[in-house]
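For reference, the structure discussed in these notes is given below.
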């Protein structure tokens, strides 16, 4: 109870950013709606109750409302040119998606964005275009062209300037909005690498910067991170013009935090 009003509290497996919560019997319960200064809480449990999860394990199915077509071209490889349109209803949904993390691991925040599958229609349009243009190339050559596309087809801008604070994008948002930053590019790049080539990817967090790395099936030289005996070669979508295996200056792969993506 909030004064004379009955309010709803919901339990979450995630630590949701910037939301009021109460710790009850080892769980965190968040207040639905506006915050309250004083609450009287009933701790009675419901049969078979579960905490909610903010993971989105399958593609969203929302009424189709396509955005204007956007042309995105790689600078080094101008033949890698994509015409992209996304579902505006999906963009609206993502605009309200709350930022969170699991078990105090801040890397899971970005993993939730990177692991969400692409919308089926976008996937059906975008992936065949890439596959057609990359079909004659080796694994390394194909990923390098994709990397340059993400590096150069988008305009970089800081979240603080555009949004007034930090904000991560789902892949569709990066394809829709005019500006993006390092975390957005790494999320989009790793989503496409997994969908196009079936290769394992990790996100790499250096203080103030997010990049990615790919586990190739062929021998690829360059900077890499060893994760549980597996070699992930650095691919930085924000280090403009950098090839596969090149780490941005000032970034230390030995002390970086990483997370393996699904």
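Segment 89-137 and segment 157-229 have their alpha-carbon centroids 11 Å apart.
Counting other Cβ atoms within 10 Å as a rough exposure proxy, the listed residues 32, 97 run 32, 97 from fewest neighbours to most.
For segment 1-83, take the convex hull of the Cα atoms, compute a quarter of its surface area, and give me that in nm², please. Display every interim value, and only then the final one.
On the way: hull surface 42.7 nm².
Convex hull of Cα atoms, orientation-averaged projection: 10.7 nm².
Could you grab the relative contact order for segment 1-53? Cα pairs under 8 Å, six or more apart, rounded to a whole percent. Relative contact order for segment 1-53 comes out at 46 percent.
The simple spin-label model puts a point 7 Å past each Cα toward its Cβ; for residue 69 and residue 123 those points are separated by 2.4 nm. Which entry in (i) 127; (ii) 145; (iii) 163 is this structure's computed volume of the Cα convex hull per residue in Å³? Entry (iii).
Can you tell me how segment 191-262 classifies by the Cα gyration tensor, rounded, prolate or oblate, using a/c under 1.5 as the rounded cut? Display every interim value, and only then the final one.
Values: a/c = 1.41, a/b = 1.30, b/c = 1.09.
Note, shape of segment 191-262 comes out rounded.
Projected onto their three principal axes, the Cα atoms of segment 58-209 cover extents of 43, 37, 30 Å, largest first.
Rounded to the nearest 5, the antiparallel percentage of DSSP beta bridges internal to segment 70-260 is 90%.
Under the classification rounded if a/c is under 1.5, otherwise prolate if a/b is larger than b/c and oblate if not, where does segment 102-174 fall, given a ≥ b ≥ c as square roots of the Cα gyration tensor eigenvalues?
Working: a/c = 1.99, a/b = 1.65, b/c = 1.20.
Because a/c hits 1.5 or more and a/b exceeds b/c, segment 102-174 counts as prolate.
Using r as the Cβ-Cβ distance of residue 54 and residue 81, and R0 as 51 Å, what FRET efficiency do you calculate, to the nearest 0.05? Kindly include the intermediate steps, with their values, before the conclusion.
Numbers: r = 35 Å, r/R0 = 0.68.
It comes out at approximately 0.90.
Over the chain, what relative contact order in percent results from Cα pairs under 8 Å that are six or more residues apart? Show your work: numbers first, answer last.
Details: 443 pairs, mean separation 40.9, N = 262.
Dividing the mean separation by the residue count of the chain yields 16 percent.
In segment 1-53, what percentage of the DSSP-assigned beta bridges are antiparallel, given to the nearest 5? Intermediate values should be presented prior to the final figure.
Working: 8 of 9 bridges.
Around 90 percent of the beta bridges assigned by DSSP in segment 1-53 are antiparallel ones.
Using R0 = 30 Å, the C-beta based FRET efficiency linking residue 44 and residue 103 works out to 0.65.
Every read-out reported here was derived from the displayed coordinates using simple, explicitly stated rules and does not represent laboratory data. Note that the coordinates shown come from a computational prediction; the quantities given were computed from them, not determined experimentally. All Cβ positions, even for glycine, are placed from backbone atoms using ideal geometry, and neighbour counts span all protein chains on display.
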